[in-house]
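The values are calculated or read from the model by the stated rules, or taken from the named source; none is laboratory data. Everything numeric here is computed off the predicted structure, so don't read it as measured data. Neighbour counts are summed over all protein chains in view; Cβ atoms, including those assigned to glycine, are modelled from backbone coordinates with ideal geometry. We work out accessible area using only protein heavy atoms, side chains counted, and drop any ligands, DNA or RNA first. Shrake-Rupley method; radii C 1.70, N 1.55, O 1.52, S 1.80 Å.
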Amino acid sequence: MDIAIQILAGFFALPLLALGGRIMFAPAGMLGELGVEAPGPVGLNTVRGVVGGFLVACAVMIALGLALHETVWLLAVAVVMAVAVLGRIAGVAVDGFDKAVVRPILIEIVIAVVMVAAHVLLGGVS
């Protein structure tokens, strides 16, 4: 069971790293997919640093948690994802609903749940 949950948790690191890297190093190509505009160097810098950095950091925390057998890193990812979901829900409440937000909300919820489950199942809770 331990190896299965480790593989599942580690699985999420790869797309987070790939997407974060794409946003960091080719943000202009991602703006439409993200649904944002980034006016000038400051806007692109914010997209690279904040959005790309957020995703790459989550991938790194998953890798650290698994490599060091310190599952608190996985909880950190769960918290980041849960707060992102809260922000998206606030956005829906304030800005209105668009079906394009459903997929990222569901993905972020699944990642958060898997990270908490991995923490519990890998011995992070006594």
Margin query: I need the helices (runs of 4 or more DSSP H) fully contained in the range 1-120, keeping only those with at least 2 residues that are at pLDDT 95 or above.
Written below: 2-25, 53-68, 72-95, 102-119
Next item on the list: Quickly run through the range 91-106 and pick out the residues that are aliphatic (A, V, I, L, M) and open to solvent by less than 50 Å² (accessible area, probe 1.4 Å).
Entry: VAL92, VAL101, ILE105
Notebook entry, point to check: For the range 107-126, which residues satisfy the criterion of being surrounded by 13 or more Cβ atoms within 10 Å (Cβ to Cβ) and of a type in the set (Gly, Ala, Ser)?
Noted result: ALA112, ALA117, ALA118, GLY124
Next item on the list: Could you please find all residues in the range 24-42 being touching a helix residue (DSSP H, G or I) at 6+ places or on another chain (Cβ under 9 Å) and either surrounded by 13 or more Cβ atoms within 10 Å (Cβ to Cβ) or more than 24 Å from VAL102 (Cβ to Cβ) (or both)?
Entry: MET24, PHE25, PRO27, ALA28, MET30, LEU31, LEU34, VAL36, ALA38
